Amino acid sequence: MRTSRFGFGLIGPRRQRHELSPEQFESLALPVGDDGVVIGADAQGRPSVLGLNRPTPFEVLLIGGVWTSQVIALRTVGTGARVTVETGRQQMWTALAQAANSGQQCVTLHDVGRVPPQGPSVHSPVLVIRDCGMRPPRGRVSAAPWQSVLTLLPYLSPVAPRLMENAGPVSYTH
């Protein structure tokens, strides 16, 4: 039977102290790198991260399929950002928007040329995905602080050089 000591409560179990030797500190190190969206792996098998939520304007050009841009959209929503999709193929994006919008409006779909101002901020960053075909028109919405723009091209087209001039990273998937 345990007895209480005035002011100290019950006597608890006896354990060793929680101390580490200086050599053991290395084992506690956490891999900390860039924050953002995981878009693949590098040559060493470590995650490749694309920081889309930035205080400066940022444009990305993705040459590939809609599936890759949808994965990036969902991963971006997972970081707490909103995603706006400018597309002429709403049927390709509707299921994703419905699945992602569980109680919140985190993915919105808009017709080409009809994207309203998004009001991005540090507390509510935005990724605008432009899925406008092989010759996307010049968009009304452009990259801004806390608002990145990802332009999706299904394949290299004659407008690719113009888009590459303004883009930070250019990615090609097959």
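The values are calculated or read from the model by the stated rules, or taken from the named source; none is laboratory data. Only a predicted model underlies this, so the values are computations on that prediction, with no experimental measurement involved. Backbone-built Cβ (ideal geometry, glycine too); neighbour counts: all protein chains shown. To get the accessible areas, we keep the full protein, side chains included, count just its heavy atoms, and leave off ligands, DNA and RNA. Shrake-Rupley method; radii C 1.70, N 1.55, O 1.52, S 1.80 Å.
So which residues in the range 119-174 are polar (S, T, N, Q) and farther than 13 Å from P57 by Cβ, if there are any at all?
Hits for the range 119-174 are S121, S124, T151, S157, S171, T173.
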* Structure fact -> Out of (1) β-branched (V, I, T); (2) surrounded by 15 or more Cβ atoms within 10 Å (Cβ to Cβ); (3) within 17 Å of the chain's Cα centre (by Cα), the one V122 does not meet is (2)
* Any hit, the range 85-95, residues being of a type in the set (G, A, S) and surrounded by 14 or more Cβ atoms within 10 Å (Cβ to Cβ) -> no
* To do: Could you tell me whether any residue of the range 158-167 is open to solvent by less than 50 Å² (accessible area, probe 1.4 Å), closer than 19 Å to G36 by Cβ and under 19 Å from the mean Cα position of the chain (by Cα)?
  => yes
* Structure fact -> The one condition V71 fails out of (1) open to solvent by 30 Å² or more (accessible area, probe 1.4 Å); (2) in contact (Cβ under 8 Å) with a residue 40 or more places away in the chain; (3) under 18 Å from L52 (Cα atoms) is (2)
* Among the candidates T151, T76, which residue alone is buried (at least 18 other Cβ atoms within 10 Å of the Cβ) and farther than 21 Å from D35 by Cβ? -> T151
* Could you please find all residues in the range 112-140 being on the phi > 0 side of the Ramachandran plot and in contact with an Asp or Glu (Cβ under 9 Å, 6 or more places away or on another chain)? => G113
